[in-house]
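Trainee: One structure, pasted below without further comment.
Please treat every number below as a calculation from the coordinates, not as lab data. Keep in mind it's a predicted model, so treat the numbers as computed, not measured. Note: ideal-geometry Cβ built from the backbone for every residue, glycine included; neighbour counts use all protein chains shown.
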Amino acid sequence: MSHLVAKVEELLLEGPLDAICSATVIYQTMTRNFLLPYDDVQKIVEIAVKSSLVRINDSQRKESVMEVLSEVSNNRYIDIRYCAN
């Protein structure tokens, strides 16, 4: 699971701002086209967001990263899971 947290952190810290959203974050948690259970994805995203926020100085990036956590918590996962099937 730590390698998935690292992948999400990399996106949040270094990815283009327009790529920072729940869909791309959830995609980063996939392994071999397999979508993890919601609780696992939410835990990975929470850890990555909290870890990333303390290292971000840019207010626009920080705002985008904070939005990801609320998007994942607000059933965006269900929308993406539906599209993946």
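Trainee: Give me a count of the residues in the stretch 28-42 that are in a helix (DSSP H, G or I) and buried (at least 16 other Cβ atoms within 10 Å of the Cβ).
Mentor: Within the stretch 28-42, the subset in a helix (DSSP H, G or I) is 28, 38-42.
Adding the requirement that they be buried (at least 16 other Cβ atoms within 10 Å of the Cβ) leaves 28, 41-42.
Number satisfying all stated conditions: 3.
Trainee: Next question, about the same structure. Which residues, taken from the stretch 14-27, are over 11 Å from the mean Cα position of the chain (by Cα) and surrounded by 14 or more Cβ atoms within 10 Å (Cβ to Cβ)? Steps first, please.
Mentor: Going residue by residue through the stretch 14-27, those that are over 11 Å from the mean Cα position of the chain (by Cα) are 14-18.
Passing the criteria: only Gly15.
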